[in-house]
Structures are given as structure tokens and as C-alpha cells.
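The values are calculated or read from the model by the stated rules, or taken from the named source; none is laboratory data. Given the structure is predicted, the values throughout are model-derived calculations rather than measurements. FYI the Cβ positions are ideal-geometry reconstructions off the backbone, even for glycines, and counts take in every protein chain you see.
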Amino acid sequence: MSYIYRVLVLILSAFSLSFCALKQNNEMDFPQEIAAAYFQKIDNNQADAKVAFDFFIVLDKPIEQGTFLDKIYFKNQTAIVEKENDRTFVAHFRKDTTNQDLILDSDSTKEYGNKAPVVVKPKFELEPAEAVLEYRNKEKTFFYKINGVKERPMIPNPSGIKPKN
């Protein structure tokens, strides 16, 4: 009985410790000082424009070697972060312009071809003025929550903005 008890405790201990490796790395401090984090809505006045807003991250100093900014999670959306210059990074968020035609009729059999909406649960539960930055430092992925994201005035007809995602 004692032998079975020891084996059971050992298995439970190993099982409970195995979940520590699956936990996401949430950094309390970003390795550099963020001078500003803001977003700007964009008005392209074009029918094919899909950019809803741009999210900017401005650092106090140029980014350290070995640190890479990957994604930003903001307003239940995700975008890839691109480097503008040594201290400024931008992420382009797009509007979802895919409109599905729904057939609405009093006869429910005519509505057969309608597809159910796909609801994706966001990765993080965030307030409207919060964002989460996903970055890599020495090949490890970390997440950093940015508080106090502000909205700046809209940019009318920006030139040269070409979102990649």
C-alpha cells in the first residue's frame, strides 16, 4: 500500500508541474521605456481602402539588439508590428469588409443557404484603452500590457501607407 501511495504522489506531482511549461510568459516590465502608445483612424477616401486605424508605439531609445516586436492585440483585433524607424513601430488594423448576403424570408426554408457567423473569442480580455504587445527577447516570447492608449486626431488622405497584413 505504501508503494502504491508513493507512486501515485509522484505521478500527480509530475503531472501538476508539467503545466508550468505551458503557462504564457507575461512580463511585468518591458525591457525598454515606451514614450507613447496611441492610435489614429485613417480616412483614405478610396473604395478599396481597408485600413481602419494605425497603432503606434514610440520608444525613448532605439530598440535593444535581440528584441523584436511581433504583434499587438487591441480592440479584439490582432496586427503585425512593423518598424518605421529606430524608435517608432506601427501596426495597421484593417476593417473587415466582407459582407455576406443573408437571405431573410418569412419562409424559413428559403434561408437554408445562410452561414452562421464565426465568433472568435479574443486572446486577451482588455479595456478600451489597453493593448497587449507580443515581443521576442532572446528567442523567448513575452507579452506586455500597455495601459493608457490614447486616440490622436484622424489623418486625412495619408500618402504611402501600404498595410502588409
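Remarks
- Residue check, Pro117 assigned to a loop (DSSP other than H, G, I, E, B), modelled with pLDDT of 85 or more, over 24 Å from Gln32 (Cβ atoms) and not hydroxyl-bearing (Ser, Thr, Tyr): no
- Residue satisfying all of: in region 21-60; assigned to a loop (DSSP other than H, G, I, E, B) and modelled with pLDDT of 80 or more; nearest to Gly148 (Cα to Cα) among these: Glu33
- Number of the condition not met by Phe93 [criteria: (1) modelled with pLDDT of 85 or more; (2) farther than 28 Å from Ile34 by Cβ]: (2)
- Test set (1) in a helix (DSSP H, G or I); (2) surrounded by 10 or more Cβ atoms within 10 Å (Cβ to Cβ); (3) modelled with pLDDT of 80 or more - Ile4 fails condition number: (2)
- So Ile63, is it in a loop (DSSP other than H, G, I, E, B) and either surrounded by 12 or more Cβ atoms within 10 Å (Cβ to Cβ) or among the hydroxyl-bearing types (Ser, Thr, Tyr) (or both): yes
Yes or no, residue by residue, for (1) under 19 Å from Ala52 (Cα atoms); (2) in contact with a Phe, Trp or Tyr (Cβ under 6 Å, 6 or more places away or on another chain):
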residue: Glu82; (1), (2): yes, no
residue: Asn85; (1), (2): no, no
residue: Val90; (1), (2): yes, yes
residue: Ile103; (1), (2): no, no
residue: Ser108; (1), (2): no, no
residue: Lys115; (1), (2): no, no
residue: Pro122; (1), (2): yes, no
residue: Glu125; (1), (2): no, no
residue: Ala129; (1), (2): yes, no
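- Within region 80-114, the residues that satisfy the criterion of being among the hydroxyl-bearing types (Ser, Thr, Tyr), exposed (fewer than 10 other Cβ atoms within 10 Å of the Cβ) and part of a loop (DSSP other than H, G, I, E, B) are Thr98, Ser106, Tyr112.
- Residues in region 53-92 that are out of contact with any strand residue (DSSP E or B) (no Cβ under 8 Å at 6 or more places or on another chain) and within 23 Å of Leu126 (Cβ to Cβ): Asn76 only.
- Qualifying positions in region 50-70 - charged (D, E, K, R) and in contact with an Asp or Glu (Cβ under 6 Å, 6 or more places away or on another chain): Asp60, Asp70
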